[in-house]
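Below: the structure, in structure tokens.
Nothing in this text is a laboratory measurement; each read-out follows from the coordinates by a stated rule. Keep in mind the model is a prediction, meaning the values are calculated, not measured. Note that we place each Cβ from the backbone using ideal geometry, even for glycine, and neighbour counts take in every protein chain shown.
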Amino acid sequence: MGQDAMLRKVDEVVGRAKQLVREKNEATAKTSSLEREVSELRNVVSLAESKVDEVLQGVSAPDTSKELEELKRRFPLVFTLD
């Protein structure tokens, strides 16, 4: 193999190594960004759960029997077993 051919191969290998380093850095940055987003989403979900708990503390359980009777009255065909 001639010297020019070897230099081209070395340049190709160096170029590929640089490309892999760039891709690794991009993947690392993307991973960090996604980890921050996951953390933010966990905080939002936690806050939402707290708010739901606050709201539900002041609300008694619904009387589903009355609601069911109202639905049966309004939509009788849905509740027939034919």
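Where Lys and Arg each count +1 and Asp and Glu each count -1, what net charge lies around E23 among other residues with Cβ under 13 Å from its Cβ?
+4
Across the stretch 3-79, how many lysine pairs, 8 or more apart or on two chains, come within less than 29 Å at their alpha-carbon atoms? Qualifying lysine pairs in the stretch 3-79: 4.
When the alpha-carbon atoms of the chain are used, the pair Rg, Dmax equals 31.8, 92 angstrom.
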